[in-house]
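The values are calculated or read from the model by the stated rules, or taken from the named source; none is laboratory data. If you're wondering where the values come from, they're calculated on a predicted model, not measured in any experiment. Because the Cβ atoms are built from the backbone with ideal geometry, glycine has one as well, and the counts that use them run over all protein chains shown.
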Amino acid sequence: MRARVYITPKKGVLDPQGKAVEHSLHALGFPEAHDVHLGKYVELSLEGLDVGGARERTDAMCRKLLVNGVIEDYRFEIDE
Amino acid sequence: MRWGVVTFPGSNDDHDTLYVLDHVLGEDAVSLWHKDRDLQGVECVVLPGGFSYGDYLRCGAMARFSPIMESVVAFAGAGGLVWGICNGFQVLCEAGLLPGALIRNRGLRFVCGQVHLRLETTDTPFTGRCARGEVLTLPIKHGEGCYVADPATLERLDENRQVVLRYVDASGRATAGANPNGSLNNIAGVVNEQRNVFGLMPHPEHASEKVLGGEDGLKLFRSVIAAHREVGDRRGAAVAPGH
């Protein structure tokens, strides 16, 4: 099993990196770009689990370590 | 009074803090190793500045799961004094011992320099020897010092007088220009509701000798020592009538 975790700044939390990238995109001639947010991408392999088990364990990993719920949201995909 | 300063892999202000406690203040200070669980009978634990675990994932996110932190969390839960400076503040937020989080500075740059801080409450063991409204000058040096929390948490912090320090200008006004990192409400340091866990981004240990530019940091260390002595005196007084 392979998990792909996407971590993004929580809505409403300051995202200075996203803002800076957005400004740069505008300066480079991409005025249509807006709501730019920078997050993290985590990939990992899981052994000895079915899809349901992999979901459960990945979610636990997110809540315990990978994500800080005060400032971040997350979602993930599981592939066989 | 016995102090313990934790060393995580990547801590770099641990020895500076031990130096101030030992050489400047003459306190009994021991080094605590992140892999140990024994707090060696200390009465205040300091989580020092630095870049624990390389700041990987999020600042303080990995340090929070060190073996020593299990003991620190239990110690704090029993009312023990825990003090996080800079990276130590980040660790305390990640561990859930303090509310909120510290994210990348709004200006995206590492900031390094002296800042003015207004002391918002003397009702903590860390600030009892200061005056309310007093402006302290302490150095900062961090890339992720922007304090954030949701509106309900910010409101609760104000209601309970948990904001200890705010970034201000030289005359004590909390302006946007005096805010070095974009922290909400200019917050530079907070205590927990029980007032025994304190975190701040500025460095009192680097403002503890005149030759290094100032001594305002000593006011915080001396507050802790005085608070500890008062608790001891009260205990002594409570015991005395029986003898």
When the range B:141-185 is checked residue by residue, the ones that are β-branched (Val, Ile, Thr) and either free of Cβ contacts under 8 Å to residues at least 24 places away in the same chain or surrounded by fewer than 19 Cβ atoms within 10 Å (Cβ to Cβ) (or both) are B:153, B:175
I'm trying to understand the selection: among the residues of the range A:2-20, which are modelled with pLDDT of 95 or more and either more than 11 Å from every other protein chain (Cβ to nearest Cβ) or surrounded by fewer than 15 Cβ atoms within 10 Å (Cβ to Cβ) (or both)? A:2, A:3, A:4, A:5, A:6, A:8
Is there any pair linking a residue in the range B:99-122 that is closer than 20 Å to residue B:88 by Cβ to one that is of a type in the set (Phe, Trp, Tyr), with Cβ under 8 Å and at least six apart or on different chains, and which? B:100/B:147; B:101/B:147; B:102/B:89; B:102/B:147; B:115/B:167; B:117/B:167
Among (1) under 22 Å from residue B:110 (Cβ atoms); (2) under 20 Å from the mean Cα position of the chain (by Cα); (3) surrounded by fewer than 18 Cβ atoms within 10 Å (Cβ to Cβ), where does residue B:200 come up short? (3)
Matching option when the condition is touching a Leu at 6+ places or on another chain (Cβ under 6 Å) and either more than 20 Å from residue A:70 (Cβ to Cβ) or aromatic (Phe, Trp, Tyr) (or both), among B:208, B:171: B:208
Of all residues in the range B:96-114, which are under 25 Å from residue B:227 (Cβ atoms) and more than 11 Å from chain A (Cβ to nearest Cβ)? B:97
Quickly run through the range A:37-46 and pick out the residues that are of a type outside the set (D, E, K, R), out of contact with any Leu (no Cβ under 7 Å at 6 or more places or on another chain) and within 14 Å of chain B (Cβ to nearest Cβ). A:37, A:38, A:39, A:41, A:44
May I ask you to list the residues in the range B:22-61 that are surrounded by fewer than 24 Cβ atoms within 10 Å (Cβ to Cβ), more than 30 Å from residue A:61 (Cβ to Cβ) and of a type in the set (A, V, I, L, M, F, W, C)? B:24, B:25, B:29, B:30, B:42
Quick one: residue B:80 ticks every box in (1) surrounded by fewer than 23 Cβ atoms within 10 Å (Cβ to Cβ); (2) within 14 Å of another protein chain (Cβ to nearest Cβ); (3) of a type in the set (Gly, Ala, Ser) except a single one, so which number is it? (2)
